[in-house]
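What follows is a single structure, written as structure tokens, with notes after it.
Read the figures in this text as sums done on the coordinates, not as results from a lab. Remember, predicted model here, so these are calculated numbers, not experimental data. Using ideal geometry, Cβ is built from the backbone for each residue, glycine included, and neighbour counts are taken over all protein chains shown.
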Amino acid sequence: MLDSDAVKGWLVWGRRQVRRSASALRDRAETGLHGPHWLSVLSVVLVFFAWWFVHAFALVPEVLLPGPGEVGATFIDILRNGYRETTLWQNSAATLWRCGAGFLLACLTGVPLGLAMGYRPRVRAACDYIVQFMRPLPPLSYLILLILWLGTGDASKIALLYLTAFPIVASSAMAGVWTTKLERIQAARALGASETQVFRYVVFPSALPLIFTGGRIALAAAFSTVVAAELMAATDGLGWMVFSASRFLRNDVIIIGIIVLGILGMVLSRLVLVLDSRIVHWRGVE
Amino acid sequence: MSQDQFGVLDRRIFLKTALVSGAALTAGLPARSLLAAGKAPDTIRVGFFLETKPTMIAKGEGWFDKFAGGKCAWSEAGSGAEINTAMAAKSLDIGLAIGSSPTAAGISQKLPYQLVGMVDNIGPAEDMIVRKAANIKKPADFKGKKVATPFGSTSHFRLLGFLKVNNLTEKDVTVLDLRPDAEVAAWTRGDIDAAYVWSPAKAKMLAAGGESFPTYKELDAKGYVIADLIVAATAFSTAYPDAVTGFLRAYGNALEMWKTKPADAAAIVAKQAGVTPDVARHDMEEYDFVTLDHQLSGDWLGSPGKAGKFAEVLKRTADFLVVQKSIKAAPDLGSFQKAINTTFLAQAAKAKT
Amino acid sequence: MSAIPALGSLWRALGERRVTAVSVLVVMLAWVGATEGGLVDDLFLPSPSSLWDGFLDLVENGYKSRTIWEHAGLSLERVLSGFVTGALVGTFLGLAMGYNRKVEAFFSPLIEFLRPLPQLAYLVLLIVWFGIDETPQIILLFLTALPVSAIAAMDGVKGVSVLRMQAARSMGASEWQVFRYVVFPSALHEIFTGARLAVGVVYATLIAAEIIAGSTGLGWMILDAGRFLRSDYVFVGILAIGIMGLLLDRLLLAIEHRVVHWAGRD
């Protein structure tokens, strides 16, 4: 039987850790667009206007900043003819696939490990120091090692994204377990629930908000890193497109790459937010 | 009900998911090209550079595929260092036009490849460009100036040699690590006073207020010879010697075309590299493309069993890299001689077209 | 004679940490076994001894004419410059956005676009525009920290109990006083959380930033050593960066505890 004092002890301690520890912690779903919508539209329009203005009045040398018209024309060209024999769809798909694969693998392994670490102090003691050390490591710093070990194909890139996302997801799952209220577990047990049922109906749902928060942050980190992963030894992908364009000083292609990446990033975060609010609809409710 | 019951269940779930994901991970790994028993490989993984050289002719016309007897999978490399990394990771079979500086480093680090041929002797093609406005007339004028070069490249090697020969240290001259395209941008902004690099960046800077500061003659004479080379993974060349020979033959043909029909050659190279034929022609004229026969002579790689002088060049390059702390140690001359395998080259030279 | 009982009590005293200790021991043994035992080539995984040699070498002789402390210092300087400027501006912006719906509506699309944007993608543009010295690096780190801090500050303001604000106002406090004594202290916890997140992201972006021209910085050192496959230097660099990152995070945590000692209470 789990010693209830011990359980209480580390649940309380865990909660203190959760309050202290940073990133995975925003229990509140992020706010969406508020306020007068026309102002939002206005700011975007202003940015484009500023761009056009700077270009039209040659405030900046042409070679450094191509105008919106030129970029638009290049965009249509790329849509039709692709960039260096790769289409925009191909590059976007390659980047998204790498990001998704790394992130999913991290979730599949990180969530169970995190839950185990939250539930069993021994598991935590055995694994946490590794997870905590991985967190502050900048991904690009060990990319070369991954390429050496796993070759120049997709494996090293997906591994990089996996290692970026894994510690975030595992830590969040662990913290999630700690937010479970002890009274609930005790109540469920008192009602005769088996351990599996306790886990499934009490602990897991309590952990889910933090798991999702961690997942959101991990996905954002993975998306940010996938472009860095395409810096070395890549033959396609949006990141590759940007770096390749930079070699030939094709600033117009670079700008297109940036815009596409930005939009993809926004769509991804929005998607995860929606998923979060749909699935974890009990977030914040006590 | 008991803790053990839960504990076991939890562990089982964890194990299962871990196993599944582990399997997924391994399944996703790219299949290493299993060397099939046979004379011709299915795919040949080649690392290349997008540059204005006859290598682009053989690539564009499909000669590499044709003569080597397999389909070439082309990976564009950004630097010789990337080719080394890919070779160490066993992701490449052939490295095309890798610089002598990274090659010397690779051989010193016992990377699993052999030097099988030369693309060119670089000579004047990589040299110093100085800004006219910086008023640099002699080596001592470089003091206090900013010079850019891609670190780890043959240009870097020559630049460091230049500094050493002229008793300048990196405290006197600021050496900046910039890729060729970044150098052009920095040049345009006026951030750098000089650059040691190859075309097209070199030509662009010359055209934008630059002038040439020739160093290559003196440096070559003092032993800072640089060249672009062809390396082949040892495992690959042992399993498919004919493919390597064919590969070299294809390059030999491309060289022939450049020597006999330069205008046509320039046109093909231009199309591959995305530049005008004039630019392509002008760039290629700067290089000393050593013919296959001449590569076999004592001046360069030597013939099977009889080492040529190039091994010494590699040794000297490696020793210099050790001083630079770029590599830990350089092996003796014999190791470099052993790393040069000219059997394929000899066969390729014999089989003229 | 007294060693064994001493070890025994040490073992008991370690308590849970024993598991960690055993785990560390297993990892170290595996590492030593694989490398010294010749299972793995030095290129792929340096042995502990060659790592140690590499570390000593770097400490004694520096890397490419600068000591390792100089490289670390320069990296730290960049991280701090980018972070401090980005977090300050971001926090101000976030506070404004939290307070005023109109400000929020105006800046929201820009922040939402900037936040998930992979840094390396616009780095190349920054190099072209701002040259090759510290400027583009700091700007990159600034733009990385800004949206994170802004969103955190905004959330912090929005999370303030409306009752409190109303109570203060009904007691005759001016808007500025309401801000200074009710809103700001309440939001401080979120702001600090955002700051820690920002440091994390900026730190991760630092390596990307040091790819620009310059022959300095820990990130650049790892990249340059990686060019020649000097795995020993690469490993030492990675470890150094990891430790520095951990220390930075703990430092911020300590600062937060000193300043925000009422966090968590409502």
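Based on every Cα atom in the stretch C:137-218, Rg and the maximum pairwise Cα distance Dmax equal 17.9, 60 Å.
Counting every C-alpha pair in the stretch A:220-280, the share spaced more than 14 angstrom apart comes to 61%. A simple spin-label model places pseudo-atoms 7 Å from Cα toward Cβ; at C:Ala254 and A:Leu271 they are separated by 4.3 nm. Taking a ≥ b ≥ c as the square roots of the eigenvalues of the alpha carbon gyration tensor, the stretch B:134-284 is prolate, as a/c is not under 1.5 and a/b beats b/c. Among B:Val165, B:Val225, B:Val116, the largest mean-square fluctuation in a Gaussian network model of chain B (Cα springs under 10 Å) belongs to B:Val165. Is the stretch B:58-165 rounded, prolate or oblate when judged by the Cα gyration tensor, a ≥ b ≥ c being the square roots of its eigenvalues, rounded requiring a/c under 1.5 and prolate requiring a/b larger than b/c? Since a/c reaches 1.5 and a/b is larger than b/c, the shape of the stretch B:58-165 is classed as prolate. Note on the stretch B:134-186: percent of Cα-Cα distances in each 10 Å bin, starting at 0 and stopping at the bin with the largest distance, equals 25, 55, 20. Take the protein assembly as shown, drop everything but the C-alpha atoms, weight them equally and run the Debye formula without solvent; then report log10 I(q)/I(0) at 0.08, 0.09 Å⁻¹ to two decimals. Treating every Cα as an identical point scatterer, log10 I(q)/I(0) equals -0.80, -1.00. Per residue of B:316-327, other chain Cβ atoms within 10 Å of the residue Cβ number 2 on average. Spin-label model, A:Ile259 to A:Ala50: label points 7 Å out along the Cα-to-beta-carbon direction sit 1.7 nm apart. Quantify how much of the Cα-Cα distance distribution of the stretch C:1-148 extends past 18 Å, in percent. When all Cα pairs of the stretch C:1-148 are counted, 76 percent exceed 18 Å.
I need the calculated FRET efficiency for the pair C:Ala21 and B:Ala329, taking r as the beta carbon distance and R₀ as 45 Å, to the nearest 0.05. Once the sixth-power term is evaluated, E becomes 0.75.
For the stretch B:124-221, just say rounded, prolate or oblate: build the C-alpha gyration tensor, square-root its eigenvalues into a ≥ b ≥ c, call rounded for a/c under 1.5, and beyond that prolate if a/b exceeds b/c, oblate if not. It comes out rounded by the Cα gyration axes. DSSP beta bridges fully contained in the protein assembly as shown are about 60 percent antiparallel.
Could you estimate the translational diffusion coefficient of chain B from the Stokes-Einstein equation, with Rh from the Kirkwood formula over C-alpha pairs, at 4 °C and 1.567 mPa s, in whole µm²/s? Numbers along the way, then the final one.
Details: Rh = 21.8 Å.
Answer from the Stokes-Einstein relation: 59 µm²/s.
Given an 8 Å cut-off on Cα distances and at least 6 residues of separation, report the relative contact order of the stretch B:31-130 as a percent.
29 percent
Would you compute the Debye intensity of the stretch B:233-334 from its alpha-carbon atoms alone, equal scatterers and no solvent, and pass along log10 I(q)/I(0) at q = 0.10, 0.22, 0.23, 0.24 Å⁻¹ to two decimals? Rounded to two decimals, the profile gives -0.45, -1.09, -1.11, -1.13. Look at the alpha carbon pairs under 8 Å that are at least 6 residues apart: their mean separation over the length of the stretch C:56-259 gives a relative contact order of 27 percent.
For A:Arg216, A:Arg184, what ranking results if the residue with the fewest other Cβ atoms within 10 Å of its Cβ goes first?
Numbers: A:Arg216 22, A:Arg184 15.
So the ranking, lowest neighbour count to highest, is A:Arg184, A:Arg216.
Between B:Ile340 and B:Leu115, the built amide H atoms are under 5 Å apart, and every one of these is 5 or more places off in sequence or on another chain.
Annotation note: GluC sites (Glu not before Pro) in the stretch C:50-81 located in DSSP loop regions with a Cβ neighbour count of at most 12 within 10 Å are absent.
The phi torsions of the stretch C:72-82, fed into the Karplus equation with coefficients 6.51, -1.76 and 1.60 and a -60° offset, translate into couplings of 4, x, 5, 4, 4, 4, 5, 4, 5, 4, x Hz, rounded to whole numbers, with Gly and Pro shown as x.
For A:Phe248 and C:Lys102, FRET efficiency with R0 = 35 Å and r from the beta-carbon atoms, rounded to 0.05? Walk me through the numbers before you get to the answer.
Values: r = 43 Å, r/R0 = 1.23.
Efficiency, from the Cβ-Cβ distance: 0.20.
Among B:Tyr196, A:Tyr119, C:Tyr99, the order by Cβ neighbours within 10 angstrom, fewest to most, reads C:Tyr99, A:Tyr119, B:Tyr196.
If you build the Cα gyration tensor of the stretch C:15-84 and take the root of 5 times each eigenvalue, what three semi-axes come out, in whole angstrom, biggest first?
On the way: eigenvalues 190, 88, 22 Å².
Those come to 31, 21, 10 Å.
Scanning residues 5 or more positions from B:Met118 or on other chains, those with amide H under 5 Å from its amide H are B:Ile230, with H placed 1.01 Å from N in the peptide plane.
If only the Cβ of Lys and Arg carry +1 and only the Cβ of Asp and Glu carry -1, the dipole of the protein assembly as shown around its Cα centre is close to 2060 debye.
For the residues B:Thr55, A:Thr87, C:Thr35, A:Thr109, what sequence is obtained by ranking on other C-beta atoms within 10 Å, fewest first? Could the numbers behind the result be given before it?
Values: B:Thr55 26, A:Thr87 15, C:Thr35 20, A:Thr109 23.
Ranked by crowding around the Cβ, least crowded first: A:Thr87, C:Thr35, A:Thr109, B:Thr55.
A simple spin-label model places pseudo-atoms 7 Å from Cα toward Cβ; at B:Lys137 and C:Trp31 they are separated by 5.9 nm. In terms of overall dimensions, chain C has a Cα radius of gyration and Dmax of 24.0, 77 angstrom.
Compute and list, largest first, the equivalent-ellipsoid semi-axes of chain A from the alpha carbon gyration tensor, each √(5λ) rounded to a whole angstrom. Could the numbers behind the result be given before it?
Working: eigenvalues 389, 106, 43 Å².
Semi-axes (√(5λ), whole Å): 44, 23, 15.
Calculate, in nm to one decimal, what C:Leu239 and C:Tyr181 gain on full extension: separation in residues at 0.36 nm each, minus their alpha carbon distance.
Numbers: separation 58, 0.36 × 58 = 20.88 nm, distance 4.28 nm.
Length gained between C:Leu239 and C:Tyr181: 16.6 nm.
Remark: the stretch B:54-59, residue by residue, has Karplus-estimated 3J(HN,Hα) of x, 4, 5, 5, 5, 6 Hz, where x stands for each Gly or Pro and the curve is 6.51 cos²θ - 1.76 cosθ + 1.60 at θ = phi - 60°.
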